Amino acid sequence: MKTHVDSGNSILQISMESQENTSANSIKSRPINQRKRLSPAQRRKQITQEAVTLITQYGSYGFPMQALADAVGMTLPGLNHYVKNREELLSLVIETFYDSEEEGNAHTALGAAISHCDQTDSATKERRHLPGALHETVRLNAKRPELVALFMRLAIEASDPEHPAHKFYQNRHSSILIDMTSVDWELPEEYRDPERLHDLIVTAFFAMDGVQIQSLTNPSESMMQLWERAEHILFPSPTWDGYR
């Protein structure tokens, strides 16, 4: 009887050890970093986000496409399924962050700022205030310095007529002016003249570009601190009191 029990225990022990070994072997055989399957839209977004990081660090042409493929965990042929070449990649970046209506992208910061002013002014039944819209634009951009850096780098590179972003930047100035001058702003009397308003808006955006560059290259003062300095010059008291 004892021998039978020992034999049974031995068989049971062997069986349990066999199961443990099988389980251990199964765990060891699993890939450590199994790549997550993404939808085409999710993959395109991932590619764009990694491209922004690389472009900001190295410029549009300062990194090999293989580096981008590695960053998103794909082979180069797999990446080419989404973007065939560098020009398509840059076009995708511009489309995603500047031309689209996606919330939070750089090109619609001004639109979001005007919308913010609409919500604020509707409570007081006032029209939109230009200084407030510009202030909100800077505030939104200050929250995403990596996109501001990308925008500035591409702006310099896009001076080349062959650059994929050349047309976008070429049209940026006129499109901003059209958008801004078409708004029904609440303005001091002397700025209700269209030409005077045009000159003010142009100067304000020159100042905004300068503030963004300064905050990136010499961050001893924040973007908002620098803009608040500019506001005192662009919208001085008492002329702009009550119109902010």
Across region 39-91, what is the total count of residues that are of a type in the set (S, T, N, Q) and in a loop (DSSP other than H, G, I, E, B)?
-> 4
Quick one: is Glu20 of a type in the set (Asp, Glu), surrounded by fewer than 13 Cβ atoms within 10 Å (Cβ to Cβ), at pLDDT below 90 and over 21 Å from the mean Cα position of the chain (by Cα)?
-> yes
Return the pairs, sorted by first residue and then second, in which the second residue is among the polar types (S, T, N, Q) and not in a loop (DSSP other than H, G, I, E, B), the first residue lies in region 202-231 and is assigned by TED's automatic domain parsing to the domain that holds Arg172 and under 12 Å from Arg139 (Cβ atoms), the beta carbons are less than 6 Å apart, and the residues are 6+ apart or on different chains.
-> Met223/Ser215
Name every residue in region 39-59 that is farther than 26 Å from Ala155 by Cα and either modelled with pLDDT under 85 or of a type in the set (S, T, N, Q) (or both), in order of residue number.
-> Ser39, Gln42
Which of the residues that make up region 43-70 are crowded, with 18+ Cβ neighbours inside 10 Å and of a type in the set (A, V, I, L, M)?
-> Ile47, Ala51, Leu54, Ile55, Leu68, Ala69
Within region 183-190, is there a residue that is modelled with pLDDT of 90 or more, outside any helix (DSSP H, G or I), surrounded by 14 or more Cβ atoms within 10 Å (Cβ to Cβ) and in contact with a helix residue (DSSP H, G or I) (Cβ under 6 Å, 6 or more places away or on another chain)?
-> yes
Per the filter on region 164-182, residues part of a loop (DSSP other than H, G, I, E, B) and polar (S, T, N, Q) are Ser182
Of the conditions (1) of a type outside the set (S, T, N, Q); (2) under 25 Å from Leu216 (Cβ atoms); (3) surrounded by fewer than 19 Cβ atoms within 10 Å (Cβ to Cβ), Val138 fails just one. Which one is it?
-> (3)
Checking Asn171 against (1) surrounded by 12 or more Cβ atoms within 10 Å (Cβ to Cβ); (2) closer than 16 Å to Glu95 by Cβ, the condition it does not meet | (1)
Out of (1) closer than 25 Å to Glu95 by Cα; (2) outside any loop (DSSP other than H, G, I, E, B), the one Pro161 does not meet is (2)
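The values are calculated or read from the model by the stated rules, or taken from the named source; none is laboratory data. Remember, it's a predicted structure, so these values are computed and weren't measured experimentally. Every residue, glycine as well, gets a Cβ built from its backbone with ideal geometry; the counts of neighbours run over all protein chains shown.
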